[in-house]
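Colleague: Provided herewith is a single structure, encoded as structure tokens, for subsequent inquiry.
Each value in this text was obtained by applying a stated rule to the coordinates, not by laboratory testing. If you're wondering where the values come from, they're calculated on a predicted model, not measured in any experiment. Virtual Cβ from ideal backbone geometry, glycine too; neighbours counted across all protein chains shown.
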Amino acid sequence: MSLAEKVLQNDIRAAARLMRLLDDEVEEGREELKKLYQYTGKSYIIGITGPPGAGKSTLVDQLIAAFRKEGKKIGVIAVDPSSPFTGGAILGDRIRMQRHSSDPEVFIRSLASRGHLGGLTASTEEICLVMDAMGKDIIILETVGVGQDEVEVVDLAHTSILVTVPGLGDDVQAIKAGVMEIGNIFVVNKADREGADRAFREIVAMLDMISWDGRFRPPVIKVQAHIGLGIDELVEKIYNHKKFLEDHGLFHKFFSKRAKSMFEKVLMSELGKRLKKRILADIRWADWERYLETRMIDPYTLAFNVLDEMITINYKGGTNEFSRL
Ligand SMILES: Nc1nc2c(ncn2[C@@H]2O[C@H](COP(=O)(O)OP(=O)(O)O)[C@@H](O)[C@H]2O)c(=O)[nH]1
Ligand SMILES: [Mg+2]
């Protein structure tokens with residue numbers, strides 16, 4: 001049985017193995033994902049983002065419990081900036097969600113974000129697809145981020161929840177700076193702390209300044225994730241947003257948009273790679289170098305000429321044959 005077939009049968013070990021292959025960008029992983037693709041596009045994806053320590057993992061743990069009570073199958077992807085010293089954040093996520101680790105219907109995957117700090121790793125979307133194929137009703141994406149990074153999460157999630165806590169000052173400022181429009185639900189966590197009402201009022205005031213006509217106006221709620229207070233309300237708000245998407249035909253539009261964006265991403269990355277390979281292997285490099293050395297031709301003209309020529313060439317995928325169109 002192929003890895004893909006096992007994943008479709010909710011084989012947890014096969015899924016974990018496939019996710020590792022995808023994370024390491026091993027070709028075999030992509031081959032299996034191709035087989036799975038037709039079975040995806042069903043999960044509801046919830047993004048949870050906010051600064052480190054805001055209580056996101058605690059919140060995710062509570063949401064898992066609430067959704068499990070409804071019998072929903074859950075996937076969680078927790079992306080944390082990798083700590084070069086301890087990997088502590090990931091450990092934190094594991095501990096926070098520990099009580100669900102023996103539940104076969106809860107699949108938790110922690111990823112250390114490489115490259116861009118706090119953002120999503122390149123394989124997050126692929127891992128989402130694996131969980132989707134496993135039959136997860138809901139996939140929760142936990143990511144660290146204030147400002148720029150949220151934009152990425154928003155693209156990957158049906159419902160984006162922005163978490164903040166009282167007394168951050170600057171972080172509330174960061175929310176004001178331009179992410180107001182991308183959150184679907186605003187959560188003020190640690191409402192047991194001083195300043196929660198103020199943070200709440202500030203966010204509401206910011207939302208008041210935006211005209212929402214025809215669009216979903218994000219609700220703001222106060223939560224105490226560590227004791228589970230406000231979780232029912234959060235779940236209700238999530239379902240409200242889901243219903244809005246469904247009523248406006250946006251749920252399925254989301255997946256077609258994702259498919260198109262993935263297609264473009266793969267296309268562009270492959271285009272670059274293949275063209276580069278072809279150019280670097282060109283037998284005329286010695287000639288080109290001579291032209292440049294003798295200043296027979298300037299670098300600009302040469303580069304554009306080479307490219308123009310390459311682009312009119314049709315690459316037959318999988319072979320090394322090129323032929324003129
Ligand atoms: N006082 C208080 N502490 C909380 C609350 N929610 C979470 N915490 C604590 O905040 C700390 C960080 O939580 P964690 O979920 O790991 O945050 P994350 O980094 O955003 O995932 C933990 O010690 C939690 O117990 C809350 O509502 N009130
Ligand atoms: Mg966390």
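Colleague: Check the straight Cα-Cα distances from Lys257 and name the lysines below 22 Å, setting aside those fewer than 8 residues away within the same chain.
Modeller: Lys34, Lys35, Lys42, Lys136, Lys242, Lys243, Lys265
Colleague: What nm value, rounded to one decimal, do you get for the distance between Thr294 and Arg198 when each label is placed 7 Å out toward the C-beta?
Modeller: 7.6
Colleague: List the residues of the stretch 242-278 whose backbone N lies under 15 Å from a point placed 7 Å from the Cα of Ile311 along the Cα-to-Cβ direction.
Modeller: 268, 271-272, 275-276
Colleague: Take Lys72 and Gln38, extend 7 Å from each Cα along the Cα→Cβ direction, and tell me the distance between the two endpoints in nm.
Modeller: 2.9
Colleague: A follow-up question, please. Once you've got the Cα coordinates, tell me which of Lys69/Lys190; Lys56/Lys190; Lys56/Lys237 are over 22 Å apart.
Modeller: Those over the limit are Lys69/Lys190.
Colleague: Continuing with the same structure: Run the numbers for Leu250 and Gln98: contour at 0.36 nm per residue of separation, minus the present Cα-Cα distance, in nm.
Modeller: Between Leu250 and Gln98, full extension yields 51.3 nm more.
Colleague: What is the order of Thr58, Thr40, fewest Cβ neighbours within 10 Å to most?
Modeller: So the ranking, lowest neighbour count to highest, is Thr40, Thr58.
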